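Note sheet for the following structure.
The values are calculated or read from the model by the stated rules, or taken from the named source; none is laboratory data. Computed from a predicted model, the values in this text were never measured in an experiment. Using ideal geometry, Cβ is built from the backbone for each residue, glycine included, and neighbour counts are taken over all protein chains shown.
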Amino acid sequence: MQAKPFSDLDDKDIALTLEYRNHPFVRKHMYEDNLISMKTHLNFIHAQRDNLSSRYFLVSDKTRHLGVTSLTRINLKHKNAYLGIYKNPYLKNHLGSKLLDMICFIAKELGLYMLFLEVIEDNLSAIRLYEKYGFKRMGKLEAAFYQEASFKNVLIYGIGIN
């Protein structure tokens, strides 16, 4: 597997990551669930070159793109970050563990000790994945997310990686 930083993507992969991000399957589990324009996407990718607090990667194996992983709120002093993943919405098989393996490897390379994540409480498949992988529930943000005319809770999970 390889993880290509967003700042190194070619035009084809830039378009592909935008297509993945705008897919309804992916958007429904995002805080920002509206469609993203190519201009906004390009601005985001260009900003990644100078951003030391977040890193986004397109993860691939030998034959296909598996999805996107990210580290945000990177805090090197306290050795932690928040992770994010979304799989290629056109692949049917379960790829979450592979994406988590890759982002944990990257986090270790950065010298991080702890990874956190936030997940919407009704995203049961993601919660099962995280718990199976070893993440522990660390908290709950009540009514922290507004979607489809209702407030939803956000769960916070964490895992030690070193």
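Summary of values
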{"item": "Every residue from segment 146-162 that is closer than 19 Å to Arg73 by Cα and not small (Gly, Ala, Ser)", "result": "Val154, Leu155, Ile156, Tyr157, Ile159, Ile161, Asn162"}
{"item": "Any hit, segment 129-139, residues being of a type in the set (A, V, I, L, M) and surrounded by 14 or more Cβ atoms within 10 Å (Cβ to Cβ)", "result": "yes"}
{"item": "Contacts under 7 angstrom Cβ, first residue in segment 81-106 being in contact (Cβ under 8 Å) with a residue 60 or more places away in the chain and over 18 Å from Arg128 (Cα atoms), partner of a type in the set (Gly, Ala, Ser) and crowded, with 17+ Cβ neighbours inside 10 Å, 6 or more apart", "result": "Asn88/Gly67; Met102/Ala3; Ile106/Ala3"}
{"item": "Residues (over 26 Å from Leu110 (Cα atoms) and either part of a strand (DSSP E or B) or among the hydrophobic types (A, V, I, L, M, F, W, C) (or both)) located in segment 19-74", "result": "Phe25, Val26, Leu35, Ile36, Met38"}
{"item": "Close pairs (8 angstrom Cβ cut-off, 6 or more residues apart or separate chains): within 11 Å of Gln2 (Cα to Cα) in segment 51-64, assigned to a loop (DSSP other than H, G, I, E, B) and of a type outside the set (Val, Ile, Thr) anywhere", "result": "Leu58/Leu9; Val59/Met1; Ser60/Met1; Asp61/Met1; Arg64/Asn88; Arg64/Leu91"}
{"item": "Count of segment 122-162 residues which are hydroxyl-bearing (Ser, Thr, Tyr), free of Cβ contacts under 8 Å to residues at least 24 places away in the same chain and in a strand (DSSP E or B)", "result": "2"}
{"item": "Number of the condition not met by Val119 [criteria: (1) assigned to a helix (DSSP H, G or I); (2) modelled with pLDDT of 95 or more; (3) surrounded by 14 or more Cβ atoms within 10 Å (Cβ to Cβ)]", "result": "(1)"}
{"item": "Candidates Leu141, Leu95, Leu83, filtered to the one that is modelled with pLDDT of 95 or more and under 25 Å from Phe6 (Cα atoms)", "result": "Leu83"}
{"item": "Residue identified as over 19 Å from Tyr82 (Cα atoms), outside any loop (DSSP other than H, G, I, E, B) and modelled with pLDDT of 95 or more among Lys12, Lys4", "result": "Lys12"}
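This table checks each residue for (1) of a type in the set (A, V, I, L, M, F, W, C); (2) surrounded by 14 or more Cβ atoms within 10 Å (Cβ to Cβ); (3) within 11 Å of the chain's Cα centre (by Cα).
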| site | (1), (2), (3) |
| --- | --- |
| Phe44 | yes, yes, no |
| Gln48 | no, yes, no |
| Tyr56 | no, yes, yes |
| His65 | no, yes, no |
| Val68 | yes, yes, yes |
| Asn75 | no, no, no |
| His78 | no, no, no |
| Lys92 | no, no, no |
| Ser97 | no, no, no |
